[in-house]
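All remarks here apply to the structure that follows.
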Amino acid sequence: MATDSQPISYSIVIPVFNEEAVLPVLLRRLDLLLARLEEPAEAIFVDDGSKDSSPLVLQDLARRDPRFRYIGLSRNFGHQVAITAGMDAAQGNAIIVMDADLQDPPEIVEQLIAKWKEGYDVVHARRLSRAGESPFKRATAHVFYRLLGSISSVGIRADVGDFRLIDRKVLDALRQMPEQDRFVRGMVAWLGFRQTEVTFHRLERAAGETKYPLFKMVRLALNAALGFSDAPLRLAIWCGLAVSGLAVLYGGWVMLLWLTNDSHLIAGWSSTIVIVSLLCGMNMLMTGIVGLYVGRIHAEVKQRPLYVVQKRLGFDREEAVAAGPAIRAVHE
Ligand code: UDP
Ligand code: MG
């Protein structure tokens, strides 16, 4: 159990948005989990602008029990921002993010911790199955993870949500990524470090309704695609090249018919089609080229660090002489 005198080993971050139905059972299971953990732990609830009684329950708990903390956001900022706020406040050496609805079973947290103790810096919890979700959600999630995996270059794992453990040094690196449209699982994948996974069967929501309606899912998917791939920007280039290429081929064919006085040639129509499709293709190509520059601006605007240092050895003397506080900050 955490006390003020002992440093905290584990921070469990739980975003909460109108979850009053599930809180009683969540708190019971969390209590059991915290009691089983050998090292001191804290649970940080981030109230993402709930309109029900969740904030009251959680504030009351945070006042009574030193293991529980409460952060109330001023309005609903969305799941990804809520978990960021919780991680920012975490004091532990390992930080675990899990949903409030017990679809991420607290018991798996112990498996995540076991892997961390083996020396992994990031431990993802991968879903082997998803109970209680509509066929539509399962199908869209399946397509989403595979599509994202194929267009993104950072190796985002399939069927991994935000249920994971990260080491303190990964969190420190994550906090250097100030991007506004956050897709946390992509950002963690981008960071690297020693990553592994444990698998689990995703359960049904313990109570209440999903807080991820279709529009929030679409927004998350768009954030993922736009933040971790420039494939959509390059799409215009390939379309442009294809259309222009076809226009040139068709133009050649029309010339051939014209030269051979072929009766299939429709005067006026063919030349119009060639010109229109050629212009259209050129237009798309140019848009694509502009897209490449926009992509670069987009990368700059995200202000991600250029690289992340995992370890530094033998630098102490030089550092003491030449390096400023910025370098010392990333030193392990
Ligand atoms: N959540 C949040 N803000 C939101 C939407 C959801 O903090 O705007 C929380 C929610 O309370 C839950 C977690 O994010 O703890 C995942 O949401 P949910 O279980 O509704 O998503 P699903 O499992 O249906 O995808
Ligand atoms: Mg859920």
For residue 287: the one exception among (1) at pLDDT below 85; (2) surrounded by 11 or more Cβ atoms within 10 Å (Cβ to Cβ); (3) among the hydroxyl-bearing types (Ser, Thr, Tyr): (1)
Tabulated pairs, the range 192-217, first free of Cβ contacts under 8 Å to residues at least 60 places away in the same chain, second of a type in the set (Lys, Arg) and more than 9 Å from ligand 1 (Cβ to nearest atom), C-beta under 7 angstrom, 6+ apart or interchain: none
Residues being out of contact with any strand residue (DSSP E or B) (no Cβ under 8 Å at 6 or more places or on another chain) and either within 16 Å of ligand 2 (Cβ to nearest atom) or assigned to a loop (DSSP other than H, G, I, E, B) (or both) - total across the range 198-227: 15
Top-ranked residue in the range 228-238 [being in contact with a Ser or Thr (Cβ under 9 Å, 6 or more places away or on another chain) and assigned to a helix (DSSP H, G or I); ranked as farthest from residue 184 (Cα to Cα)]: 237
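Tell me which residues, restricted to the range 199-239, are among the aromatic types (Phe, Trp, Tyr), closer than 19 Å to residue 153 by Cβ and surrounded by 18 or more Cβ atoms within 10 Å (Cβ to Cβ).
Residues of the range 199-239 among the aromatic types (Phe, Trp, Tyr): 200, 212, 215, 228, 238.
Imposing the further condition that a residue be closer than 19 Å to residue 153 by Cβ reduces the set to 228, 238.
Within the range 199-239, 228 is the sole residue that qualifies.
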Scan of the range 170-191 for residues that are in contact (Cβ under 8 Å) with a residue 40 or more places away in the chain and among the polar types (S, T, N, Q), ordered by number: 176
Search result, residues across the range 99-114 that are touching a strand residue (DSSP E or B) at 6+ places or on another chain (Cβ under 9 Å) and either within 19 Å of residue 177 (Cα to Cα) or part of a loop (DSSP other than H, G, I, E, B) (or both): 99, 100, 103, 104, 105
Single unsatisfied condition, residue 82 versus (1) in contact with a Pro (Cβ under 6 Å, 6 or more places away or on another chain); (2) free of Cβ contacts under 8 Å to residues at least 60 places away in the same chain: (2)
All positions within the range 294-332 that are at pLDDT 50 or above, more than 30 Å from residue 237 (Cα to Cα) and surrounded by fewer than 10 Cβ atoms within 10 Å (Cβ to Cβ): 311, 313, 314, 317
Where residue 45 falls short, out of the listed (1) more than 22 Å from residue 164 (Cβ to Cβ); (2) within 13 Å of ligand 1 (Cβ to nearest atom); (3) of a type outside the set (Lys, Arg): (1)
Residue ID - nearest to residue 203 (Cα to Cα), chosen from residues in the range 145-180 that are touching a Phe, Trp or Tyr at 6+ places or on another chain (Cβ under 9 Å) and surrounded by fewer than 13 Cβ atoms within 10 Å (Cβ to Cβ): 155
Flag for residue 96 being outside any loop (DSSP other than H, G, I, E, B), touching a residue at least 24 places away in the same chain (Cβ under 8 Å), β-branched (Val, Ile, Thr) and out of contact with any Lys or Arg (no Cβ under 8 Å at 6 or more places or on another chain): no
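Can you tell me which residue among 87, 98 is aliphatic (A, V, I, L, M), under 20 Å from residue 33 (Cα atoms), near ligand 1 (Cβ under 10 Å from one of its atoms) and at pLDDT 95 or above?
Numbers: 87 fails: near ligand 1 (Cβ under 10 Å from one of its atoms).
Criteria check complete, one pass: 98.
Tell me yes or no: at least one residue of the range 249-256 is assigned to a loop (DSSP other than H, G, I, E, B), more than 16 Å from ligand 2 (Cβ to nearest atom) and either over 24 Å from residue 95 (Cα atoms) or in contact (Cβ under 8 Å) with a residue 40 or more places away in the chain (or both).
Taking the range 249-256 and keeping what is assigned to a loop (DSSP other than H, G, I, E, B), we get none.
No, because not a single residue in the range 249-256 is assigned to a loop (DSSP other than H, G, I, E, B), more than 16 Å from ligand 2 (Cβ to nearest atom) and either over 24 Å from residue 95 (Cα atoms) or in contact (Cβ under 8 Å) with a residue 40 or more places away in the chain (or both).
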Complete set of residues in the range 36-62 that are in contact with a Leu (Cβ under 9 Å, 6 or more places away or on another chain) and part of a helix (DSSP H, G or I): 54, 57, 58, 61
Residue match in the range 63-77 (condition: surrounded by fewer than 20 Cβ atoms within 10 Å (Cβ to Cβ), part of a helix (DSSP H, G or I) and in contact (Cβ under 8 Å) with a residue 60 or more places away in the chain): no
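The values are calculated or read from the model by the stated rules, or taken from the named source; none is laboratory data. Remember, predicted model here, so these are calculated numbers, not experimental data. All Cβ positions, glycine included, derive from the backbone under ideal geometry; neighbour counts span all protein chains shown.
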